[in-house]
Structures are given as C-alpha cells and as structure tokens.
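Okay, structure first, notes after.
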Amino acid sequence: MIETNLIFPTPLWIQDDVGLDRDKLLKFVDVVRNEDPDGRVVSNNGGWQSHDFVDEVMKNNPLHELRSKILEMAYYCADKFGFQNYTLRIVNLWMNVNNHGHSNLIHNHPGSVMSGVYYLSVPDCCSGALNLYRDLNIQMMKEFWGAGNNFNKNSNLNEDVVTFSPVNDYMVMFPSWLLHSVSKSNSDGERISISFNIQAFSNYYHEIYPGKQSSRKILSF
Ligand SMILES: [Fe+2]
C-alpha cells in the first residue's frame, strides 16, 4: 500500500459575513483619500493606497470596529497555528482602491507573522482576484522537458497558484511569508479593500528580556 501524505500545509483563512458597517467605512476611506490624494506606491501598480494606520490611532477613529474584527479572527487563526500565551498586535493597516487596469504585483509582508485583507467594496465581476503562490523555489516539480500540456496541472500537489475571488464583507488571512498578488481589474467599478499586518509577542517576552520591561504598556489592548 502506498500512502500520500500532504505535509507542511499552508493555511488560508476565510471569514464570510464579517458584519461591519461598510457604508461608514467607505465614507472614512473617502475622507482619507481626499486628505491624501497621492497616497503611496508599494505593491500597487496603479490605483490608490493610503499610508499606514497604526494601532493606537485605530482605537479612536472609524476603523475601531474593523480593528476588533481583525483581532478576533487573528486570535482564532493564531490559536490554530499553535501560538500559546501570546498577544497579537496590528502592526499596520492601509486602504487600497483599484480601478480598471490596476493590479498589485507579487510580494509578501516581511516583519509580521500574519497578513490579511478585508473586502469593503468589490464590483460584481472581474475586479481582480487575490492570487497566492507556492514558494518560487518549489515550483520546479513540473519543469521537465516535454511537460507542457502533457501534465495534470490540477493536482494540489503541483498547483503553483491558488486564487480567491473577493466578496464584500469577507476577510482573509494568511502567513505573511506567503507570496501573493492581485490580478489586473477588468471592471469599471472601484475595488476597495483594507489590508493589514499582524505580529505576535510572547506573554513571557518581558521575563526573558527584562530590559524591555518599559514597552509592556504597548502590548496592552
Ligand atoms: Fe499584500
């Protein structure tokens, strides 16, 4: 008997119907965008991206309900991931608006453990899927002479890309090391999402590094 074992699985967590007041959030995106129309350019190929919001600010602005939902889901995911006796912190959070022809290039998020996105307003069709990539160094399995079409590419043992089509009020999270991109939008509608990074701190950190005691306050929610 030959048994196939799928080792080292990669989690992609998806939460449907998060239940946020999207109208309120969309109005806030408008406010931020009007104040900073140039935004910044990081992975976005076109479109508008806000600068970062840090945790302390989000507690006191219209993002605070989203902040709570992110942490709620992030604690679920981190528990599943195996963290114990830890505190999570949203390192940064930013808004994205992609229009027709805009995309986000392949990248990952160094410096955090989990990353995610909340879909605030997504056109009905074709506004750009989230693509998640197998590590580029491991994509070589089917790269042998003559493979081409003579290869079953539908096995989860060899697939290189997994796509998720965004849905309003959905939130997804994944490990920050996972390479991802957003496909070019073919829609005339605006695709508005909010992305974020999360870091985990051991609750024993200050016992292990007593010199860092003064930063304990930062970790309390
Ligand atoms: Fe990203």
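Of Ser181, Ser155, Ser121, Ser185, which residue is more than 24 Å from Asp21 (Cβ to Cβ), surrounded by 13 or more Cβ atoms within 10 Å (Cβ to Cβ), more than 12 Å from the ligand (Cβ to nearest atom) and among the polar types (S, T, N, Q)? That would be Ser185, the only listed residue that is more than 24 Å from Asp21 (Cβ to Cβ), surrounded by 13 or more Cβ atoms within 10 Å (Cβ to Cβ), more than 12 Å from the ligand (Cβ to nearest atom) and among the polar types (S, T, N, Q).
Do we have any residue at all in region 30-51 that's in contact (Cβ under 8 Å) with a residue 60 or more places away in the chain, assigned to a strand (DSSP E or B) and within 16 Å of the ligand (Cβ to nearest atom)? The answer is yes; a qualifying residue exists.
Quick grid of which residues meet (1) away from the ligand (no atom under 12 Å from the Cβ); (2) crowded, with 20+ Cβ neighbours inside 10 Å; (3) part of a loop (DSSP other than H, G, I, E, B):
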| position | (1), (2), (3) |
| --- | --- |
| Asp79 | yes, no, no |
| Gln84 | yes, no, yes |
| Val91 | yes, no, no |
| Met95 | yes, yes, no |
| Gly101 | yes, no, yes |
| Val117 | no, yes, no |
| Cys125 | yes, no, yes |
| Met140 | yes, no, yes |
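With respect to being part of a loop (DSSP other than H, G, I, E, B), touching a residue at least 60 places away in the same chain (Cβ under 8 Å) and within 17 Å of Val41 (Cβ to Cβ), His109 fits the description. Asp79 meets all of the listed conditions (1) at pLDDT below 95; (2) among the acidic types (Asp, Glu); (3) within 20 Å of Phe8 (Cα to Cα) but one, namely (1). Looking at this structure, is Ser165 crowded, with 19+ Cβ neighbours inside 10 Å and closer than 29 Å to Ala78 by Cα? Answer is no for this residue. Within region 165-185, track down each residue that is over 12 Å from the mean Cα position of the chain (by Cα) and hydrophobic (A, V, I, L, M, F, W, C). Matches in region 165-185: Val167 only.
The values are calculated or read from the model by the stated rules, or taken from the named source; none is laboratory data. What you are looking at is a predicted structure, and each value in this text was computed from that prediction instead of being measured. No Cβ is skipped: glycine too gets one built from the backbone with ideal geometry, and neighbour counts run over all protein chains shown.
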